[in-house]
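Asker: Following this message is one structure expressed as structure tokens.
Quick note: the coordinates plus some simple rules give every number you see, no bench work behind them. It should be emphasised that the depicted structure is a prediction, and the values quoted were computed from it without experimental measurement. When we count neighbours, we look across all protein chains shown, and the Cβ atoms used for this are built from the backbone with ideal geometry, even at glycine.
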Amino acid sequence: MLAMLSVALFMTFLFSGSRSFAATTHDVYIGGVTSGAPLAPGGVVWFNGYSPGTIRITAGDTVTWHLVGGVHTVTSADTFSNGSFVYDSSPLFTPAGALADMGPGTLLAPGSVYELDTSSLAPGTYHYFCKIHPGMTGTLVVVAGVSTVTVQATAGWGDSVYAVQAFAPENMTVVQGTIVQWRLANPTEPHTITGPAPGGGIAWDSSPNLPPGPPPVLFVPDTTFNHTFSSAGTFTYLCKVHAYQVDRSWVGMVGTVIVEPAVVDTSSTLLTVSYAALAVAVVALLVGIAALVRKRKP
């Protein structure tokens, strides 16, 4: 029983977990036809290909293939264990079928489109082809993505009588890829959202032209500034108007964003869990052997 429990625990760790990805639409154009000069009168050149031939996307994105000219299919070169294609614009069409068959699920007619939601595709390289033109191939590279959740924060607040020169929340923890949006809540006090670079200078800034000259800061209430935290780490940000340095540390109107990795490296965790499962299984086996020996003693 203990061994079975340990195996179940290991499998739970191995296959659990989920990811949230950004969704972007990518366009690919299929085929085409050219006629007229410089061709001979009545000459026609057909383009049997995908443009672009290779496309790199994030898992969860949508790929839309547009049929420009001719009749074609978008068919994955990879198949499931039952022999069906991983994706196929024309699952009802076989090369032995009639080329004039352009019904739903068959050939893509000129002007038609085929959309593929890649949410179910694991990161990797997928090759695809046209069932009619086997030499007509394309490549779809799917990479792991990160979430694009937007987190709200406030940069200063108050009214015409008082002003709170602070960020709220002052410290926050987000996942890699998160967009943080700061909103100016004070109708009279100007503020900036400025991220100092580790080696000096400024990494990102809502008001890069301050100073010199008139400060293009957030004077208008409800004005917002967005920044995407694409790298994991701890990031300090400040208001250039209401923050200053003391012994190389920023004080005053200062905030911190802790960015956790979007995809956790589970290799060491799984190794630890596997060893733990093995240890539990061994203990269970030894307990079982000891019980069997005691049972057999006269």
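Asker: Need the full-extension length gain, Thr137 to Ser81, defined as separation in residues times 0.36 nm minus the C-alpha distance. One decimal, nm.
Answerer: 17.9 nm
Asker: Modelled label-to-label distance, Asp247 and Gln152, 7 Å Cα→beta-carbon offset: nm?
Answerer: Modelled inter-label distance: 3.8 nm.
Asker: Follow-up. Under 5 Å between amide hydrogens, which residues at least 5 positions from Trp204 or on another chain qualify, with H placed 1.01 Å from N in the peptide plane?
Answerer: Gly195
Asker: May I have the convex hull volume per residue, in Å³, for the Cα set of the stretch 117-177?
Answerer: Values: hull volume 8.7 nm³, N = 61.
Roughly 142 Å³ of hull volume per residue.
Asker: Regarding the stretch 150-260, what are the three Cα extents along the principal axes, ordered largest first, in Å?
Answerer: Largest first, the stretch 150-260 extends 39, 29, 23 Å along its Cα principal axes.
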